[in-house]
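S.K.: Quick one: this structure, given as structure tokens, is what I'll be asking you about.
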Amino acid sequence: MIERAPSSDHTSVLNLSNLLHILPLLNVVMEETHCQSWMGFSLQSRITVIVIFIRVVLNGFMRFARSSLEFFCGRLLVLVSVRCSERGNGKANRVVCVTSGGTTVPLEKRCVRYIDNFSSGHRGSASTEYFLKAGYSVIFLYRRGTCQPFCRSLPDDPLLECFTSTDDSSIQVDPSHAEVVKRAIAENRSAVNGGFLLKLPFTTIFEYLQILRMIAVSLRSLGPSAMFYLAAAVSDFYVPWESMTMHKIQSGSGPLDMRLAQVPKMLYVLRNEWAPVAFCISFKLETDTDILLGKADMALKKYKMHMVVANELQTRKEEVIVVTEQEKITVRRDTTQRGADVEDPLIKLVVDRHSAYIDA
């Protein structure tokens, strides 16, 4: 069973139990980075390395607390080990990592200002629901504050709009939202308590890339049963950590000139090093339809993706074009069904192609 993540606590202490919980994942990481002498280290030496490892990772994460990292490592290992034990049992051992929402680019180390994008996380959250219905376990890597699975039918401010207070100061669900709230709670609890949904938050580009790598390394043992559905809007440019000012940039200094570096393209690394056997799907969003398919084709070949989902900004909720080596398939929302979305037929297509990939 996957437990709920504890709230962030930057003062939490790493005790021996927590360190030993992280040890199996670090074994995998060290082996994958070719540290040949790692398994010969004494337990105390490995614990020392773990502490250093966590501190280094935390420096990159900035806001990713120790307790969250410990929780993530343990729960991820549980999910993977359970799914590995279910090999040969249809879709029971399939795990998909769905990335969702946009990454931020901090402009200062003690961040006040940052560069962001418009991504709401709707595509990723909706797709997660359909993957769960298809029998997959889902690692939902999402931007804090963006759309969540099972909450798409709730109003924009669900806490204030879905609940009312009575004369005796008790809180109850507003009757107009009762069915929607009940369904959302039931579906979420079923997925989380059943061990089929693990939600991991990120905010910055640094957090996103670090967590994605750890997930990929952990899922390698699942082979082709693992899938990466990369719907997050990842920043193309960033300010390198060593180039950031420590404190808030002062506006009194006049106009701001800043040189951004290109974010390393992790798709190729994911496909060829981190998880070379996993089924990988990336997304390409453009505002110019004339270049959309060309860019999708290029991503397919350059990064060796199995599928690229091409979507144009204005029509992205109505239709997408799925690009593969063999064909281009237009997937449209069923306009005859009230409340239908394009993610429903899209995930059905993805699941079919994943099944064919596993059987090949």
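The values are calculated or read from the model by the stated rules, or taken from the named source; none is laboratory data. The structure presented is a predicted model; accordingly, all values stated were derived computationally and were not measured. All Cβ positions, even for glycine, are placed from backbone atoms using ideal geometry, and neighbour counts span all protein chains on display.
S.K.: Is it the case, given these coordinates, that ILE215 is out of contact with any His (no Cβ under 6 Å at 6 or more places or on another chain) and touching a residue at least 12 places away in the same chain (Cβ under 8 Å)?
M.R.: It is true that ILE215 is out of contact with any His (no Cβ under 6 Å at 6 or more places or on another chain) and touching a residue at least 12 places away in the same chain (Cβ under 8 Å).
S.K.: So how many residues does the stretch 133-145 have that are over 12 Å from the mean Cα position of the chain (by Cα), of a type outside the set (Gly, Ala, Ser) and surrounded by fewer than 24 Cβ atoms within 10 Å (Cβ to Cβ)?
M.R.: Qualifying residue count, the stretch 133-145: 1.
S.K.: Which ones in the stretch 292-309 are assigned to a helix (DSSP H, G or I) and closer than 11 Å to LEU230 by Cβ?
M.R.: ALA299
S.K.: Being surrounded by fewer than 24 Cβ atoms within 10 Å (Cβ to Cβ) and not hydrophobic (A, V, I, L, M, F, W, C) is the filter; apply it to the stretch 224-237 and report the residue that is farthest from SER127 (Cα to Cα).
M.R.: ASP236
S.K.: In this structure, is PHE279 modelled with pLDDT of 90 or more and surrounded by fewer than 20 Cβ atoms within 10 Å (Cβ to Cβ)?
M.R.: no
S.K.: Return the only residue of SER119, SER81, SER67, SER125 being surrounded by fewer than 17 Cβ atoms within 10 Å (Cβ to Cβ) and either modelled with pLDDT of 60 or more or of a type in the set (Gly, Ala, Ser) (or both).
M.R.: None of the others qualify; the one that does is SER81.
S.K.: Give the residue that is nearest to TYR238 (Cα to Cα), with candidates limited to residues of the stretch 282-293 that are exposed (fewer than 14 other Cβ atoms within 10 Å of the Cβ) and of a type in the set (Asp, Glu).
M.R.: My answer is ASP288.
S.K.: Let me confirm something: among SER120, SER165, SER169, SER218, which residue is under 18 Å from GLY339 (Cβ atoms) and hydroxyl-bearing (Ser, Thr, Tyr)?
M.R.: SER120
S.K.: Further question: If we keep just the residues of the stretch 311-330 that are among the β-branched types (Val, Ile, Thr), in a strand (DSSP E or B) and over 23 Å from the mean Cα position of the chain (by Cα), which is surrounded by the fewest Cβ atoms within 10 Å (Cβ to Cβ)?
M.R.: THR330
S.K.: May I ask you to list the residues in the stretch 250-275 that are assigned to a loop (DSSP other than H, G, I, E, B) and loosely packed, with under 14 Cβ neighbours inside 10 Å?
M.R.: Result: GLN250, GLY254, PRO255, LEU256, ASP257, MET258, ARG259, PRO264, LYS265.
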